[in-house]
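Participant: Attaching a single structure in structure tokens format; questions to follow.
The values are calculated or read from the model by the stated rules, or taken from the named source; none is laboratory data. Just so you know, these numbers come straight off a predicted model, no measurement behind them. Please note: Cβ atoms are built from the backbone with ideal geometry, for glycine as well, and neighbour counts cover all protein chains shown. Keep in mind that these areas ignore ligands, DNA and RNA; they rest on the heavy atoms of the full protein, side chains included. Shrake-Rupley method; radii C 1.70, N 1.55, O 1.52, S 1.80 Å.
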Amino acid sequence: MNTRAWTWALISGPVALSVSACMGWGGYPPAKNVHDSQLVGTWRARECDTTLTLNPDGSASAAGIPTEMELDGKVTQRVSGDGTWEIDESGAEQQLEFVMGDQHTPFDLYRDKGRLLVALTVGDPDDMNSCILTRHSKTAANAPTAVQQ
């Protein structure tokens, strides 16, 4: 590789990494100003066989939340059960916090063309194993459908 190519690689690598870090996982921008009412309903990730139901009163139920995955994305361990949920705003970005017993599971919140996405990173973030949950159904308490940005 010639000097020009090496220079380009050294400059463009960090720039690409910093741009992707600003966009969030998978290139989706982090969601901002998310309200509880926007999360109430049933969320599913077909590729992970995961369902998360969030109720208006803060209660929740989950089926098949992956806790361990192989590098190829195959789920090797799951948890299911009832718990509670809330939006965590302690960091720079909002997260959905699902609590079941003494287990806390944080989900990142992203937007894709105005649509809200709920994302779970499984294991080491460097392995890039994650599940993206999309809304499957809403409840009557979540009647407003406009997504605020």
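Participant: Just how large is the dipole of the stretch 73-120 about the Cα centre, in debye to the nearest 20, putting +1 at every Lys and Arg Cβ and -1 at every Asp and Glu Cβ?
Facilitator: Working: 5 positive and 9 negative charges, 89 e Å.
Charge dipole, the stretch 73-120, about its Cα centre: 420 debye, nearest 20.
Participant: Mind ranking THR42, THR121 by accessible surface for me, highest first, 1.4 Å probe?
Facilitator: THR121, THR42
Participant: Could you calculate the contour length gain from GLN77 to GLU89, that is, 0.36 nm times the residue separation minus the distance between their Cα atoms, to one decimal place in nm?
Facilitator: 1.5 nm
Participant: What figure, in Å² to the nearest 10, do you get for the accessible area of HIS35 with a 1.4 Å probe and non-protein molecules left out?
Facilitator: 90 Å²
Participant: Another question, then. Which value in nm describes the separation of the simple spin-label points at SER59 and ASP36, placed 7 Å from the Cα toward the beta carbon?
Facilitator: 1.4 nm
Participant: Each label point is 7 Å from the Cα along the Cα-to-Cβ direction; what then is the distance between the points at ASP112 and GLU68, in nm?
Facilitator: Computed distance between label sites ASP112 and GLU68 equals 2.8 nm.
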